[in-house]
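The values are calculated or read from the model by the stated rules, or taken from the named source; none is laboratory data. From a predicted model like this one, the values you see are computed outputs, not experimental measurements. Here the Cβ positions follow ideal geometry from the backbone for every residue, glycine too, while neighbour counts run over all protein chains shown. Heavy atoms of the whole protein, side chains included, go into the accessibility calculation; ligands, DNA and RNA do not. Shrake-Rupley method; radii C 1.70, N 1.55, O 1.52, S 1.80 Å.
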Amino acid sequence: MATREFAVHESHTHAASQGFIRKWVFSLDHKVIGLQYYFLALTAVFVGMFLSLLMRIHLIWPSVALPLIGEIRPETYLSLLTMHGTIMVFFVLTTAPQGGFGNYFLPIQIGAADMAFPVLNMLSFWVTFLAYLVMLAAFFVTGGAPLHGWTGYPPLSALPSAGPGEGLGADLWVISIALFCIGALMSALNFITTTLDMRCKGMSLMRMPLTCWAWFVTAILGLLAFGVLFSAGILLLADRNAGTSFFVPLVTVNGQLAAHKGGSPLLWQHLFWFFGHPEVYIAILPAMGLCSQLVSVFSRKPIFGYKAMVYAILSIGLLGFMVWGHHMFMSGMSPYTAFAFSLMTMAIGVPSAIKTFNWLGTLWGGRIRFSSPMLFAIGFVSMFVSGGISGPFLAQPVLDIPLHDTYFVTGHFHLIMGVASIFGIFAATYYWFPKMFGRMMSESLARWHFWFTFIGTYAIFMPMHYLGMAGHPRRYSQLTELNYLHGLVPLQKFITYAAFVTIASQFIFLFNLFWSIKSGKKASDNPWEATTLEWTTATPPPHDNFGGHTPVVYNGPYEYSVPGAPRDYVMQTDPTTVAAH
Ligand code: HEM
Ligand SMILES: [Cu+2]
């Protein structure tokens, strides 16, 4: 209680001195910082998509000269691949769902006036922004962007002489990742403290919307995972520039003995994937929380199995730290170790399946409203299941060994990690836009956007499973040169055309977003008839979120179709209709 009063008081203090710079640039307001993260991710996703289009073009027309860019060489393909993967994973999927929407809505949904540490919050954003600029700078330095993929495996990533882009470009890449980790760690501390300390009266942990649970557990994962990646990054930087050999064994580069010996490339793989697997959940947990929220709101039903959902989020978080070895079945690990990792990976399918069944259980018998946020939430479930289904296959070392360096994996992770989370981001945008900007987005444009994106992503990524089984290697640019892949060229062309159409349709979204900010229909305070706290306050919310008073919570977050209630929903703050659930 005392903490909350302090926060309210403090937010008024920093409200007083608001010039333009304080309000919109170096803002301490979690809502502005949330928007800053969101728009950073929005520019990043368009950069990432553009790079993917260049890759797709190169794959089917390897010697075409593009205006301004020229011919894409094989090594340029690897740079595009590295930067596409890195930008998408870090600056889109880690940034928008947590830094963007989490920042904006966590404090409001738990009835707080701001995050626990507003200055730290501002710093987190600016460090992340700096990391983004440093990453982009890698394109423009001598040698260009690095070749080592988003996973940065040494010795390639550790030796500046190992290839074009592995000089200054790779240094910038590592520095950017390290900066990103610092931003993510500060932000994780803020999310954890805010969730534990800043909840308003009546908002017990088990009354929190599942979005808040997801942001909370994501922050805990971030705290544990980014710390490890940060350390690994510093060691890599030392190997590159200070003559150490943490990751580099005795190797020759172009016939020359490198000046390193005794290091272990496997050490990097362990450290990287100890971060990298939880990272998948950092990207997807917020989307899971949101999806739970939306299927309940738009089915007008309480979420099926709230407690099971909370325990599933927690156990996904825990198990997520015990499976990293499934990325290393090829590394020569003992079959007993591989078996243990395989078993843990299968185990993580259980809470994931519980979540999926509960989403379906919520939909079952609901009075479903197919508004755009709901379409994208259902799209999320669809992508999650389609991508997830190949997971248990890849979890078997005997199958993973032939499949792991092929397009099968590219198909698998794009669906479950990439596109599923992107669907979550879209659902969140359509759902919360009215609260953030005070206007509605165009529903008909949103529907066009949904169908193009939904069908388009399946058209791009489903055939990749087949390419993989036919033996198409991943991270390989010269497919038209290989005889055994000739028969697959028509399928490759189809994928590239689908990518063109899907990427073009994202401009419908972009147009809808900016057009609606200016000219959308005015939104009421609670256009979706939802129960959580953000819908009890003004649209857009005032600087201190609730206009000087602090809400008191009486009900759980999913009281829809409550028997005997005057409306088909009971707000969390409604003291008169204390729900029976
Ligand atoms: C328009 C949609 C997208 C297209 C057409 C696309 C296409 C591609 C292509 C062609 C590759 C290279 C495959 C190879 O040669 O091995 C790739 C790799 C990758 N993509 Fe995407 N992608 C898209 C969206 C995304 C999203 C949303 C994410 C977010 C996670 C993502 C993450 C990655 C990662 C992590 C890699 C691997 C990079 C590496 O191997 O180091 N992509 N993508
Ligand atoms: Cu994994």
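The residues neighbouring Met440, those whose beta-carbon lies less than 9 Å from its own, together hold a net charge of +2 under the Lys/Arg +1, Asp/Glu -1 convention. The separation of region 280-342 from region 30-77, counted between C-alpha centres, amounts to 29 Å. Compared with the alpha-carbon gap, the fully stretched path from His549 to Asn254 is longer by 99.3 nm at 0.36 nm per residue. Spacing of the modelled spin labels on Ser231 and Glu75, each 7 Å from Cα toward Cβ, amounts to 3.5 nm.
In the full protein context, the chain carries 38 Å² of accessible surface per residue, based on a 1.4 Å probe and ignoring ligands, DNA and RNA.
Electrostatic tally near Lys521: other residues with Cβ closer than 15 Å to its Cβ, Lys and Arg +1, Asp and Glu -1, net +2.
Ranked by the mean number of other Cβ atoms within 10 Å of their residues, highest first, the peptides 153-161, 330-338 fall in the order 153-161, 330-338. Distance between the modelled labels on Thr337 and Arg367, one decimal in nanometres: 5.8 nm (7 Å Cα→Cβ projection). Charged neighbours of His404, selected by a Cβ distance under 13 Å, balance to 0 (K, R count +1; D, E count -1). What a 1.4 Å probe finds exposed on the chain is 72% carbon and sulfur by accessible area, rounded to a whole percent.
When peptides 171-177, 210-216 are ranked by their average number of other Cβ atoms within 10 Å per residue, the highest-first order is 210-216, 171-177.
Legend: calculated FRET efficiency, Thr576 to Met469, from the Cβ-Cβ distance at R0 = 60 Å, rounded to 0.05, equals 0.50. Taking R0 as 45 Å, what's the FRET efficiency between Thr142 and Ala308 from their Cβ-Cβ distance, rounded to 0.05? Calculated value: 0.25.
For the chain, the longest principal axis of the C-alpha atoms and the axis of helix 118-137 are separated by about 30°.
Applied to region 317-326, the Karplus parametrisation 6.51 cos²θ - 1.76 cosθ + 1.60 on θ = phi - 60° returns per-residue 3J(HN,Hα) values of x, 5, 5, x, 8, 10, 10, 4, x, 5 Hz, with x for Gly and Pro. Here the peptides 360-367, 22-29, 180-187 are ranked by packing, the mean other Cβ count within 10 Å, and the order with the highest first is 180-187, 22-29, 360-367.
Extension gain for the segment Met346 to Phe507, taken as residue separation times 0.36 nm less the Cα-Cα distance, is 54.1 nm to one decimal.
Contact order, relative form, for the chain: 15 percent (alpha carbon pairs under 8 Å, 6 or more residues apart, mean separation divided by residue count). By the rule of a C-alpha distance below 20 Å, with chain neighbours fewer than 8 residues away ignored, the lysines paired with Lys301 are Lys355.
Relative to the longest principal axis of the Cα atoms of the chain, the long axis of helix 210-241 makes an angle of roughly 30 degrees. Each label was represented as a point 7 Å from its Cα along the Cα-to-Cβ direction; for Lys23 and Leu66 these points are 4.1 nm apart. The long axis of helix 265-299 is offset from the longest Cα principal axis of the chain by roughly 30 degrees. Straightening the chain between Leu266 and Met330 buys 21.9 nm, computed as 0.36 nm per residue apart minus the Cα-Cα spacing. The alpha carbon gyration tensor of region 134-178 gives principal lengths a ≥ b ≥ c with a/c of 1.5 or higher and a/b no greater than b/c, which makes the shape oblate.
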